[in-house]
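K.L.:
Below are the C-alpha coordinates for one structure; questions will follow.
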Amino acid sequence: MTTFPFSTATPPEWAGPPPAEADVAVIGGGVIGVMTALHLAQAGLRAVLIEKGRIAGEQSSRNWGWIRVQGRDPAEIPIAMEAQDQWQALSRETNDALGLRQTGVAYIARSEDDMARHEAWLPHARAHGVGSRMLSRAEIMERIPDARGDWMGALWTATDMRAEPWIAVPALARLAARAGAQIVENCAVRGLDLEAGRVAGVITEAGRIKVGGAVVAGGAWSSLFLRRHGVSIPQLSVRCTALATEPLPEVFDGAASDGTIAFRRREDGGYNLAVSGFQELFIGPDAFRAFRTYLPLLTQDPLGTKFRLSAPPGYPDGWRTPRRWAMDGPSPFEKHRILDPQPNMAKVRDILERFHTRFPDLPKPKLKKAWAGMIDTMPDVVPVVDHAHAIPGLVVATGMSGHGFGIGPAFGRIAADLVQGKAPGHDLSRFRLQRFSDGSPIDVALDV
Ligand SMILES: Cc1cc2nc3c(=O)[nH]c(=O)nc-3n(C[C@H](O)[C@H](O)[C@H](O)COP(=O)(O)OP(=O)(O)OC[C@H]3O[C@@H](n4cnc5c(N)ncnc54)[C@H](O)[C@@H]3O)c2cc1C
(Lines give C-alpha, C1' and ligand atoms only; values in the text may rest on other atoms or scores of the structure.)
Protein backbone atom coordinates (compact mmCIF):
# COMPACT_ATOMS: atom_id res chain seq x y z
CA MET A 1 0.00 0.00 0.00
CA THR A 2 1.45 3.33 -0.99
CA THR A 3 1.46 5.86 1.82
CA PHE A 4 0.23 9.36 1.26
CA PRO A 5 1.46 11.37 -0.54
CA PHE A 6 4.78 9.60 -0.70
CA SER A 7 7.04 7.89 1.79
CA THR A 8 10.35 6.06 1.76
CA ALA A 9 9.23 4.15 4.86
CA THR A 10 8.09 1.25 2.69
CA PRO A 11 10.77 -0.82 0.91
CA PRO A 12 11.17 -0.29 -2.85
CA GLU A 13 8.81 -2.42 -4.87
CA TRP A 14 11.22 -2.81 -7.78
CA ALA A 15 14.69 -3.60 -6.46
CA GLY A 16 16.38 -4.64 -9.69
CA PRO A 17 19.04 -5.46 -10.77
CA PRO A 18 18.76 -3.92 -14.23
CA PRO A 19 19.05 -6.21 -17.24
CA ALA A 20 22.15 -6.22 -19.45
CA GLU A 21 20.06 -5.54 -22.52
CA ALA A 22 16.67 -4.13 -23.52
CA ASP A 23 15.07 -2.63 -26.60
CA VAL A 24 14.34 0.76 -24.98
CA ALA A 25 15.43 2.38 -21.72
CA VAL A 26 12.97 4.81 -20.17
CA ILE A 27 14.75 7.24 -17.85
CA GLY A 28 12.53 8.40 -14.98
CA GLY A 29 9.65 6.67 -13.18
CA GLY A 30 7.07 9.45 -13.01
CA VAL A 31 3.76 9.25 -14.81
CA ILE A 32 5.38 9.95 -18.19
CA GLY A 33 8.04 7.26 -17.85
CA VAL A 34 5.59 4.73 -16.40
CA MET A 35 3.11 5.27 -19.22
CA THR A 36 5.86 5.15 -21.86
CA ALA A 37 7.06 1.84 -20.44
CA LEU A 38 3.51 0.48 -20.35
CA HIS A 39 2.91 1.35 -24.00
CA LEU A 40 6.27 -0.04 -25.09
CA ALA A 41 5.61 -3.30 -23.29
CA GLN A 42 2.13 -3.52 -24.78
CA ALA A 43 3.74 -3.08 -28.21
CA GLY A 44 5.88 -6.15 -27.50
CA LEU A 45 9.17 -4.36 -26.83
CA ARG A 46 11.56 -5.14 -23.99
CA ALA A 47 11.29 -1.91 -22.01
CA VAL A 48 13.36 -1.13 -18.94
CA LEU A 49 12.19 1.73 -16.72
CA ILE A 50 15.00 3.14 -14.57
CA GLU A 51 14.19 5.38 -11.60
CA LYS A 52 16.91 6.97 -9.45
CA GLY A 53 14.60 7.09 -6.42
CA ARG A 54 11.12 5.65 -6.20
CA ILE A 55 8.30 5.30 -8.68
CA ALA A 56 6.28 8.54 -8.50
CA GLY A 57 8.55 9.82 -5.72
CA GLU A 58 8.68 13.32 -7.18
CA GLN A 59 5.95 15.35 -8.92
CA SER A 60 3.85 12.39 -9.95
CA SER A 61 2.76 11.62 -6.37
CA ARG A 62 2.62 15.23 -5.20
CA ASN A 63 0.20 16.80 -7.64
CA TRP A 64 -3.37 17.91 -7.03
CA GLY A 65 -4.85 15.03 -9.04
CA TRP A 66 -6.76 17.12 -11.57
CA ILE A 67 -7.23 15.51 -14.99
CA ARG A 68 -8.50 18.26 -17.20
CA VAL A 69 -9.02 19.22 -20.80
CA GLN A 70 -10.38 22.56 -19.60
CA GLY A 71 -8.04 25.48 -20.16
CA ARG A 72 -5.50 23.45 -22.13
CA ASP A 73 -3.46 25.02 -24.89
CA PRO A 74 -5.28 24.35 -28.20
CA ALA A 75 -2.48 22.01 -29.37
CA GLU A 76 -2.86 19.95 -26.21
CA ILE A 77 -6.64 19.55 -26.30
CA PRO A 78 -6.76 16.43 -28.53
CA ILE A 79 -3.90 14.90 -26.53
CA ALA A 80 -5.63 15.63 -23.21
CA MET A 81 -8.79 14.06 -24.65
CA GLU A 82 -6.88 10.93 -25.62
CA ALA A 83 -5.42 10.87 -22.11
CA GLN A 84 -8.90 10.95 -20.57
CA ASP A 85 -9.99 8.01 -22.74
CA GLN A 86 -6.90 6.16 -21.56
CA TRP A 87 -7.59 7.06 -17.90
CA GLN A 88 -11.02 5.49 -18.16
CA ALA A 89 -9.64 2.33 -19.77
CA LEU A 90 -6.82 2.15 -17.20
CA SER A 91 -9.31 2.53 -14.38
CA ARG A 92 -11.28 -0.44 -15.70
CA GLU A 93 -8.09 -2.50 -16.12
CA THR A 94 -7.07 -1.81 -12.53
CA ASN A 95 -10.54 -2.53 -11.09
CA ASP A 96 -11.08 1.11 -10.12
CA ALA A 97 -7.80 1.30 -8.21
CA LEU A 98 -6.82 4.76 -9.45
CA GLY A 99 -9.46 6.78 -7.62
CA LEU A 100 -10.69 8.02 -11.00
CA ARG A 101 -13.92 10.03 -10.84
CA GLN A 102 -15.56 12.09 -13.58
CA THR A 103 -16.69 14.92 -11.34
CA GLY A 104 -15.89 17.98 -13.46
CA VAL A 105 -13.62 21.00 -13.18
CA ALA A 106 -14.78 24.58 -12.49
CA TYR A 107 -12.73 27.75 -13.04
CA ILE A 108 -14.68 30.23 -11.01
CA ALA A 109 -14.77 33.88 -12.09
CA ARG A 110 -14.73 36.75 -9.59
CA SER A 111 -14.83 39.58 -12.13
CA GLU A 112 -16.06 40.45 -15.60
CA ASP A 113 -12.46 40.14 -16.75
CA ASP A 114 -12.28 36.57 -15.43
CA MET A 115 -15.55 35.75 -17.18
CA ALA A 116 -14.26 37.16 -20.49
CA ARG A 117 -10.93 35.33 -20.17
CA HIS A 118 -12.61 32.00 -19.48
CA GLU A 119 -15.15 32.53 -22.25
CA ALA A 120 -12.37 33.21 -24.75
CA TRP A 121 -11.24 29.60 -24.42
CA LEU A 122 -14.63 28.11 -25.34
CA PRO A 123 -14.17 28.21 -29.15
CA HIS A 124 -11.15 25.89 -28.72
CA ALA A 125 -13.29 23.46 -26.76
CA ARG A 126 -16.06 23.58 -29.34
CA ALA A 127 -13.57 22.95 -32.17
CA HIS A 128 -12.81 19.59 -30.56
CA GLY A 129 -16.34 18.72 -29.46
CA VAL A 130 -15.59 19.28 -25.75
CA GLY A 131 -18.80 20.22 -23.91
CA SER A 132 -17.28 22.99 -21.74
CA ARG A 133 -19.62 25.90 -21.01
CA MET A 134 -20.03 29.00 -18.89
CA LEU A 135 -22.12 28.74 -15.72
CA SER A 136 -23.99 31.73 -14.32
CA ARG A 137 -23.58 32.75 -10.67
CA ALA A 138 -26.82 30.91 -9.85
CA GLU A 139 -25.58 27.74 -11.55
CA ILE A 140 -22.20 27.68 -9.78
CA MET A 141 -23.82 28.47 -6.43
CA GLU A 142 -26.24 25.61 -7.02
CA ARG A 143 -23.26 23.26 -7.43
CA ILE A 144 -21.29 24.68 -4.49
CA PRO A 145 -24.03 26.14 -2.25
CA ASP A 146 -21.92 26.40 0.92
CA ALA A 147 -19.49 28.89 -0.60
CA ARG A 148 -19.56 32.53 0.47
CA GLY A 149 -18.22 35.46 -1.54
CA ASP A 150 -17.98 37.21 -4.79
CA TRP A 151 -18.38 34.53 -7.45
CA MET A 152 -19.84 35.73 -10.77
CA GLY A 153 -19.92 32.48 -12.72
CA ALA A 154 -17.55 29.78 -13.94
CA LEU A 155 -16.04 27.92 -16.84
CA TRP A 156 -17.22 24.35 -16.38
CA THR A 157 -16.26 21.03 -17.98
CA ALA A 158 -18.40 18.21 -16.67
CA THR A 159 -16.30 15.52 -18.40
CA ASP A 160 -13.06 16.44 -16.60
CA MET A 161 -11.81 14.10 -13.91
CA ARG A 162 -9.80 13.58 -10.78
CA ALA A 163 -7.69 10.67 -9.47
CA GLU A 164 -5.39 9.94 -6.52
CA PRO A 165 -1.85 10.40 -7.87
CA TRP A 166 0.13 8.64 -5.11
CA ILE A 167 -2.01 5.55 -5.60
CA ALA A 168 -2.57 5.78 -9.35
CA VAL A 169 0.99 6.05 -10.67
CA PRO A 170 2.38 3.09 -8.67
CA ALA A 171 -0.70 1.10 -9.78
CA LEU A 172 0.07 1.99 -13.40
CA ALA A 173 3.67 0.85 -12.86
CA ARG A 174 2.33 -2.53 -11.72
CA LEU A 175 0.28 -2.66 -14.91
CA ALA A 176 3.43 -1.92 -16.95
CA ALA A 177 5.33 -4.68 -15.12
CA ARG A 178 2.49 -7.12 -15.78
CA ALA A 179 2.68 -6.18 -19.47
CA GLY A 180 6.38 -7.12 -19.43
CA ALA A 181 8.25 -3.90 -18.61
CA GLN A 182 11.19 -4.28 -16.24
CA ILE A 183 11.27 -1.62 -13.52
CA VAL A 184 14.31 -0.76 -11.42
CA GLU A 185 14.15 1.72 -8.52
CA ASN A 186 17.06 3.31 -6.63
CA CYS A 187 19.11 3.24 -9.81
CA ALA A 188 20.28 6.44 -11.46
CA VAL A 189 21.05 6.69 -15.15
CA ARG A 190 24.31 8.63 -15.29
CA GLY A 191 24.22 9.15 -19.02
CA LEU A 192 23.92 7.75 -22.50
CA ASP A 193 26.38 5.48 -24.23
CA LEU A 194 26.65 6.64 -27.83
CA GLU A 195 28.11 4.68 -30.73
CA ALA A 196 28.67 6.62 -33.95
CA GLY A 197 26.56 9.37 -32.37
CA ARG A 198 23.46 7.26 -31.74
CA VAL A 199 22.09 5.70 -28.58
CA ALA A 200 23.61 2.26 -28.02
CA GLY A 201 23.24 2.00 -24.27
CA VAL A 202 22.57 3.78 -21.00
CA ILE A 203 25.11 3.91 -18.18
CA THR A 204 23.47 3.34 -14.84
CA GLU A 205 25.05 3.24 -11.40
CA ALA A 206 24.56 -0.55 -11.60
CA GLY A 207 26.24 -0.92 -14.99
CA ARG A 208 25.58 -0.49 -18.70
CA ILE A 209 22.36 -1.57 -20.37
CA LYS A 210 22.62 -2.16 -24.09
CA VAL A 211 19.58 -0.56 -25.76
CA GLY A 212 18.40 0.47 -29.19
CA GLY A 213 16.70 3.64 -27.97
CA ALA A 214 16.03 5.76 -24.91
CA VAL A 215 13.33 8.11 -23.65
CA VAL A 216 14.25 10.90 -21.23
CA ALA A 217 11.29 11.42 -18.89
CA GLY A 218 13.27 12.85 -16.00
CA GLY A 219 10.90 15.60 -14.89
CA ALA A 220 12.83 18.43 -13.20
CA TRP A 221 16.17 16.66 -13.90
CA SER A 222 15.80 16.35 -17.66
CA SER A 223 17.69 19.48 -18.66
CA LEU A 224 20.66 18.60 -16.42
CA PHE A 225 20.75 15.12 -17.95
CA LEU A 226 20.39 16.34 -21.54
CA ARG A 227 22.94 19.15 -21.30
CA ARG A 228 25.59 16.58 -20.35
CA HIS A 229 25.05 15.29 -23.91
CA GLY A 230 24.95 18.70 -25.59
CA VAL A 231 21.15 18.98 -25.81
CA SER A 232 19.95 22.22 -24.28
CA ILE A 233 16.39 22.99 -23.12
CA PRO A 234 15.45 26.08 -21.07
CA GLN A 235 13.68 24.07 -18.37
CA LEU A 236 13.29 25.42 -14.83
CA SER A 237 11.42 24.13 -11.82
CA VAL A 238 9.37 25.92 -9.20
CA ARG A 239 8.34 24.87 -5.73
CA CYS A 240 4.60 24.50 -5.22
CA THR A 241 3.05 23.89 -1.82
CA ALA A 242 -0.12 21.84 -1.33
CA LEU A 243 -1.99 20.25 1.55
CA ALA A 244 -4.62 17.70 2.40
CA THR A 245 -7.29 18.31 5.02
CA GLU A 246 -8.76 15.74 7.32
CA PRO A 247 -12.22 14.56 6.12
CA LEU A 248 -14.84 17.30 5.88
CA PRO A 249 -18.50 17.43 4.89
CA GLU A 250 -18.75 17.48 1.11
CA VAL A 251 -19.06 20.95 -0.44
CA PHE A 252 -18.26 19.85 -3.99
CA ASP A 253 -17.12 16.50 -5.36
CA GLY A 254 -15.03 17.82 -8.26
CA ALA A 255 -12.13 20.25 -8.60
CA ALA A 256 -12.44 24.02 -8.58
CA SER A 257 -10.34 27.16 -8.39
CA ASP A 258 -11.40 30.77 -8.05
CA GLY A 259 -7.91 32.30 -8.13
CA THR A 260 -7.81 32.64 -4.34
CA ILE A 261 -8.14 28.94 -3.47
CA ALA A 262 -8.02 25.66 -5.42
CA PHE A 263 -9.75 22.62 -3.93
CA ARG A 264 -10.35 19.04 -4.98
CA ARG A 265 -12.35 16.39 -3.20
CA ARG A 266 -10.27 13.35 -2.25
CA GLU A 267 -11.34 9.73 -2.02
CA ASP A 268 -10.83 9.75 1.77
CA GLY A 269 -13.35 12.58 2.23
CA GLY A 270 -10.81 15.36 2.70
CA TYR A 271 -9.82 18.11 0.30
CA ASN A 272 -6.58 18.84 -1.47
CA LEU A 273 -6.01 22.57 -1.15
CA ALA A 274 -3.57 24.98 -2.79
CA VAL A 275 -3.43 28.37 -4.44
CA SER A 276 -3.13 28.38 -8.20
CA GLY A 277 -0.53 30.76 -9.56
CA PHE A 278 1.62 30.77 -6.42
CA GLN A 279 5.07 29.30 -7.03
CA GLU A 280 8.60 29.82 -5.79
CA LEU A 281 11.65 29.89 -8.03
CA PHE A 282 15.04 29.12 -6.49
CA ILE A 283 17.52 31.18 -8.46
CA GLY A 284 20.41 29.14 -9.87
CA PRO A 285 22.68 29.20 -12.94
CA ASP A 286 19.97 27.83 -15.26
CA ALA A 287 17.49 30.46 -14.07
CA PHE A 288 20.05 33.17 -14.81
CA ARG A 289 20.76 31.75 -18.24
CA ALA A 290 17.09 31.38 -19.14
CA PHE A 291 15.85 34.68 -17.66
CA ARG A 292 15.25 36.42 -21.01
CA THR A 293 13.44 33.37 -22.41
CA TYR A 294 11.08 33.47 -19.43
CA LEU A 295 10.35 37.20 -19.63
CA PRO A 296 7.10 36.80 -21.66
CA LEU A 297 5.81 34.38 -19.01
CA LEU A 298 6.95 36.46 -16.05
CA THR A 299 5.38 39.64 -17.40
CA GLN A 300 2.06 37.81 -17.87
CA ASP A 301 1.80 37.24 -14.12
CA PRO A 302 4.42 39.44 -12.48
CA LEU A 303 3.30 38.70 -8.91
CA GLY A 304 2.67 34.96 -9.22
CA THR A 305 6.31 33.84 -8.95
CA LYS A 306 8.25 34.51 -5.78
CA PHE A 307 12.02 34.45 -6.13
CA ARG A 308 14.16 32.65 -3.56
CA LEU A 309 17.90 33.19 -3.36
CA SER A 310 19.18 29.68 -3.90
CA ALA A 311 18.05 26.08 -4.04
CA PRO A 312 18.83 23.55 -1.31
CA PRO A 313 22.04 21.57 -2.02
CA GLY A 314 21.84 18.99 -4.77
CA TYR A 315 18.80 20.42 -6.55
CA PRO A 316 18.87 20.30 -10.36
CA ASP A 317 19.59 24.05 -10.58
CA GLY A 318 21.67 24.28 -7.38
CA TRP A 319 24.74 26.52 -7.54
CA ARG A 320 27.01 23.64 -6.63
CA THR A 321 25.26 20.90 -8.57
CA PRO A 322 27.86 19.59 -11.06
CA ARG A 323 27.00 20.16 -14.71
CA ARG A 324 29.60 17.64 -15.85
CA TRP A 325 30.45 14.29 -14.29
CA ALA A 326 32.24 11.11 -15.27
CA MET A 327 30.18 8.05 -16.15
CA ASP A 328 32.22 5.83 -13.83
CA GLY A 329 31.53 7.85 -10.68
CA PRO A 330 28.46 9.12 -8.81
CA SER A 331 26.29 11.53 -10.81
CA PRO A 332 24.05 14.29 -9.38
CA PHE A 333 21.10 11.93 -9.88
CA GLU A 334 22.13 9.26 -7.39
CA LYS A 335 23.33 11.93 -4.96
CA HIS A 336 19.79 13.25 -4.74
CA ARG A 337 17.42 10.33 -4.98
CA ILE A 338 14.16 12.16 -4.29
CA LEU A 339 13.46 15.84 -4.77
CA ASP A 340 11.45 16.48 -1.62
CA PRO A 341 11.17 20.23 -1.00
CA GLN A 342 9.85 21.47 2.30
CA PRO A 343 6.39 23.02 2.00
CA ASN A 344 6.06 26.74 2.66
CA MET A 345 4.28 26.50 6.04
CA ALA A 346 3.23 30.17 6.07
CA LYS A 347 1.43 29.47 2.80
CA VAL A 348 -0.11 26.30 4.28
CA ARG A 349 -1.66 28.33 7.12
CA ASP A 350 -2.81 30.94 4.62
CA ILE A 351 -4.44 28.28 2.41
CA LEU A 352 -6.33 26.74 5.34
CA GLU A 353 -7.56 30.20 6.32
CA ARG A 354 -8.65 30.99 2.76
CA PHE A 355 -10.69 27.78 2.58
CA HIS A 356 -12.30 28.54 5.92
CA THR A 357 -13.20 32.08 4.78
CA ARG A 358 -14.80 30.64 1.65
CA PHE A 359 -16.70 27.95 3.59
CA PRO A 360 -17.28 29.50 7.06
CA ASP A 361 -20.15 27.14 7.97
CA LEU A 362 -17.94 24.06 7.71
CA PRO A 363 -15.88 22.90 10.69
CA LYS A 364 -12.47 24.58 10.56
CA PRO A 365 -10.30 22.46 8.22
CA LYS A 366 -7.65 20.41 10.01
CA LEU A 367 -4.32 19.79 8.33
CA LYS A 368 -3.72 16.14 7.51
CA LYS A 369 -0.50 16.60 5.56
CA ALA A 370 1.37 19.42 3.84
CA TRP A 371 3.94 18.83 1.12
CA ALA A 372 5.65 20.53 -1.80
CA GLY A 373 6.81 19.47 -5.24
CA MET A 374 9.15 20.97 -7.81
CA ILE A 375 7.11 21.52 -10.98
CA ASP A 376 9.23 21.46 -14.11
CA THR A 377 8.20 24.06 -16.62
CA MET A 378 9.08 25.46 -20.01
CA PRO A 379 9.01 29.19 -20.93
CA ASP A 380 5.83 28.72 -23.02
CA VAL A 381 4.21 26.37 -20.47
CA VAL A 382 3.86 23.45 -22.88
CA PRO A 383 6.03 20.31 -22.84
CA VAL A 384 8.85 19.13 -25.06
CA VAL A 385 7.91 15.84 -26.69
CA ASP A 386 10.16 15.14 -29.64
CA HIS A 387 13.12 13.27 -31.05
CA ALA A 388 16.44 14.76 -29.98
CA HIS A 389 17.49 15.00 -33.62
CA ALA A 390 21.18 15.49 -32.76
CA ILE A 391 21.21 12.05 -31.08
CA PRO A 392 19.41 9.39 -33.12
CA GLY A 393 17.54 6.94 -30.92
CA LEU A 394 16.81 9.52 -28.22
CA VAL A 395 13.32 10.85 -27.45
CA VAL A 396 12.60 13.61 -24.94
CA ALA A 397 9.26 13.80 -23.05
CA THR A 398 9.55 16.42 -20.36
CA GLY A 399 8.69 19.96 -19.26
CA MET A 400 5.09 18.98 -18.51
CA SER A 401 4.63 22.48 -17.02
CA GLY A 402 2.27 21.60 -14.22
CA HIS A 403 -0.17 19.39 -16.08
CA GLY A 404 1.64 16.15 -16.81
CA PHE A 405 -0.43 14.00 -14.49
CA GLY A 406 -3.66 14.40 -16.42
CA ILE A 407 -2.13 14.33 -19.88
CA GLY A 408 0.54 11.75 -18.95
CA PRO A 409 -1.06 8.61 -20.41
CA ALA A 410 -1.25 10.19 -23.86
CA PHE A 411 2.24 11.71 -23.86
CA GLY A 412 3.52 8.33 -22.65
CA ARG A 413 1.85 6.64 -25.61
CA ILE A 414 3.29 9.27 -27.94
CA ALA A 415 6.83 8.95 -26.54
CA ALA A 416 6.60 5.16 -26.95
CA ASP A 417 5.53 5.55 -30.58
CA LEU A 418 8.23 8.13 -31.34
CA VAL A 419 11.04 5.95 -30.05
CA GLN A 420 9.72 3.09 -32.20
CA GLY A 421 9.79 5.37 -35.24
CA LYS A 422 6.00 5.36 -35.53
CA ALA A 423 3.80 8.34 -36.36
CA PRO A 424 2.55 9.97 -33.13
CA GLY A 425 -1.05 10.45 -34.29
CA HIS A 426 -1.14 14.13 -33.28
CA ASP A 427 0.46 17.31 -34.59
CA LEU A 428 3.47 17.71 -32.29
CA SER A 429 4.94 20.87 -33.83
CA ARG A 430 3.97 22.91 -30.74
CA PHE A 431 6.08 20.54 -28.60
CA ARG A 432 9.20 20.38 -30.75
CA LEU A 433 12.55 20.64 -29.03
CA GLN A 434 14.03 23.10 -31.50
CA ARG A 435 11.45 25.83 -30.89
CA PHE A 436 13.83 27.42 -28.39
CA SER A 437 16.78 27.55 -30.78
CA ASP A 438 15.29 28.08 -34.26
CA GLY A 439 14.39 31.75 -33.76
CA SER A 440 10.68 31.12 -33.02
CA PRO A 441 9.12 33.67 -30.66
CA ILE A 442 8.09 32.36 -27.23
CA ASP A 443 4.38 31.66 -27.60
CA VAL A 444 3.10 31.38 -24.01
CA ALA A 445 0.17 28.96 -23.65
CA LEU A 446 -3.25 30.55 -23.40
CA ASP A 447 -3.87 31.06 -19.70
CA VAL A 448 -7.54 30.97 -18.78
C1 LIG B 1 2.02 20.56 -6.28
C2 LIG B 1 1.78 20.07 -7.69
C3 LIG B 1 0.48 20.08 -8.20
C4 LIG B 1 0.24 19.61 -9.50
N5 LIG B 1 -1.05 19.46 -9.92
C6 LIG B 1 -1.30 18.83 -11.09
C7 LIG B 1 -2.64 18.49 -11.46
O8 LIG B 1 -3.58 18.70 -10.72
N9 LIG B 1 -2.85 17.91 -12.68
C10 LIG B 1 -1.81 17.63 -13.52
O11 LIG B 1 -2.07 17.13 -14.62
N12 LIG B 1 -0.53 17.86 -13.17
C13 LIG B 1 -0.25 18.46 -11.98
N14 LIG B 1 1.04 18.69 -11.58
C15 LIG B 1 2.12 18.39 -12.52
C16 LIG B 1 2.40 16.92 -12.64
O17 LIG B 1 2.54 16.34 -11.36
C18 LIG B 1 3.69 16.74 -13.44
O19 LIG B 1 3.58 17.44 -14.68
C20 LIG B 1 3.94 15.28 -13.77
O21 LIG B 1 3.89 14.48 -12.61
C22 LIG B 1 5.31 15.16 -14.43
O23 LIG B 1 5.58 13.80 -14.62
P24 LIG B 1 7.02 13.36 -15.11
O25 LIG B 1 6.98 11.89 -15.24
O26 LIG B 1 7.40 14.19 -16.29
O27 LIG B 1 8.01 13.85 -13.95
P28 LIG B 1 8.20 13.34 -12.45
O29 LIG B 1 6.97 12.85 -11.83
O30 LIG B 1 8.91 14.44 -11.75
O31 LIG B 1 9.15 12.09 -12.62
C32 LIG B 1 10.46 12.18 -13.11
C33 LIG B 1 11.27 11.06 -12.47
O34 LIG B 1 12.50 10.92 -13.13
C35 LIG B 1 13.46 10.49 -12.18
N36 LIG B 1 14.79 10.77 -12.74
C37 LIG B 1 15.26 11.97 -13.13
N38 LIG B 1 16.49 11.84 -13.63
C39 LIG B 1 16.83 10.53 -13.54
C40 LIG B 1 17.99 9.78 -13.89
N41 LIG B 1 19.06 10.35 -14.44
N42 LIG B 1 17.97 8.45 -13.66
C43 LIG B 1 16.87 7.85 -13.13
N44 LIG B 1 15.76 8.52 -12.77
C45 LIG B 1 15.73 9.84 -12.98
C46 LIG B 1 13.11 11.30 -10.95
O47 LIG B 1 13.61 10.73 -9.77
C48 LIG B 1 11.59 11.33 -11.00
O49 LIG B 1 11.00 10.32 -10.21
C50 LIG B 1 1.33 19.17 -10.31
C51 LIG B 1 2.62 19.15 -9.79
C52 LIG B 1 2.86 19.57 -8.47
C53 LIG B 1 4.25 19.49 -7.92
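K.L.:
Just checking, which of 191, 201 is farther than 30 Å from residue 149 by Cβ, away from the ligand (no atom under 12 Å from the Cβ) and open to solvent by less than 30 Å² (accessible area, probe 1.4 Å)? So that I can check it myself, show each step before the final result.
P.N.:
Details: 191 fails: away from the ligand (no atom under 12 Å from the Cβ).
Checking each option against the conditions leaves just 201.
K.L.:
Here's a check for you: in the range 234-268, which residue that is away from the ligand (no atom under 13 Å from the Cβ) and surrounded by 22 or more Cβ atoms within 10 Å (Cβ to Cβ) is nearest to residue 193 (Cα to Cα)?
P.N.:
Filtering the range 234-268 for residues that are away from the ligand (no atom under 13 Å from the Cβ) and surrounded by 22 or more Cβ atoms within 10 Å (Cβ to Cβ), the one nearest to residue 193 (Cα to Cα) comes out as 234.
K.L.:
When the residues of the range 17-42 are narrowed to those that are crowded, with 22+ Cβ neighbours inside 10 Å and of a type outside the set (A, V, I, L, M), which ends up farthest from the ligand (Cβ to nearest atom)? Lay out the reasoning, then the answer.
P.N.:
Just the residues of the range 17-42 that are crowded, with 22+ Cβ neighbours inside 10 Å, to begin with: 18, 22, 24-41.
Retained after the next criterion (residues that are of a type outside the set (A, V, I, L, M)): 18, 28-30, 33, 36, 39.
On the way: 18: 11, 28: 3, 29: 5, 30: 2, 33: 5, 36: 9, 39: 14 Å.
Within the range 17-42, the match that is farthest from the ligand (Cβ to nearest atom) is 39.
K.L.:
Restrict the check to the range 225-233 and report whether at least one residue is small (Gly, Ala, Ser), within 13 Å of the ligand (Cβ to nearest atom) and either open to solvent by 20 Å² or more (accessible area, probe 1.4 Å) or part of a helix (DSSP H, G or I) (or both).
P.N.:
First, the residues of the range 225-233 that are small (Gly, Ala, Ser): 230, 232.
Remaining after also requiring within 13 Å of the ligand (Cβ to nearest atom): none.
The answer is no, given that none of the residues of the range 225-233 is small (Gly, Ala, Ser), within 13 Å of the ligand (Cβ to nearest atom) and either open to solvent by 20 Å² or more (accessible area, probe 1.4 Å) or part of a helix (DSSP H, G or I) (or both).
K.L.:
Quickly run through the range 315-340 and pick out the residues that are open to solvent by 30 Å² or more (accessible area, probe 1.4 Å) and either in contact with a strand residue (DSSP E or B) (Cβ under 9 Å, 6 or more places away or on another chain) or not hydrophobic (A, V, I, L, M, F, W, C) (or both).
P.N.:
Restricting attention to the range 315-340, the residues satisfying the condition of being open to solvent by 30 Å² or more (accessible area, probe 1.4 Å) are 319-320, 322-324, 326-328, 330, 335-338, 340.
Selection gives 320, 322, 323, 324, 326, 327, 328, 330, 335, 336, 337, 340.
K.L.:
Anything in the range 282-292 that is in contact (Cβ under 8 Å) with a residue 12 or more places away in the chain and either more than 19 Å from residue 314 (Cβ to Cβ) or open to solvent by 20 Å² or more (accessible area, probe 1.4 Å) (or both)? List them, or say none. Reasoning before the result, please.
P.N.:
Taking the range 282-292 as the starting set, the residues that turn out to be in contact (Cβ under 8 Å) with a residue 12 or more places away in the chain are 282-287, 289-290.
Residues satisfying the conditions are 282, 283, 285, 289, 290.
K.L.:
Being touching a residue at least 24 places away in the same chain (Cβ under 8 Å), among the acidic types (Asp, Glu) and loosely packed, with under 13 Cβ neighbours inside 10 Å is the filter here; which residues of the range 415-440 pass it?
P.N.:
427
The values are calculated or read from the model by the stated rules, or taken from the named source; none is laboratory data. None of these values were measured; they are calculated from a predicted model. Note that we place each Cβ from the backbone using ideal geometry, even for glycine, and neighbour counts take in every protein chain shown. All accessible areas refer to the heavy atoms of the entire protein, side chains included, with ligands and DNA or RNA removed. Shrake-Rupley method; radii C 1.70, N 1.55, O 1.52, S 1.80 Å.
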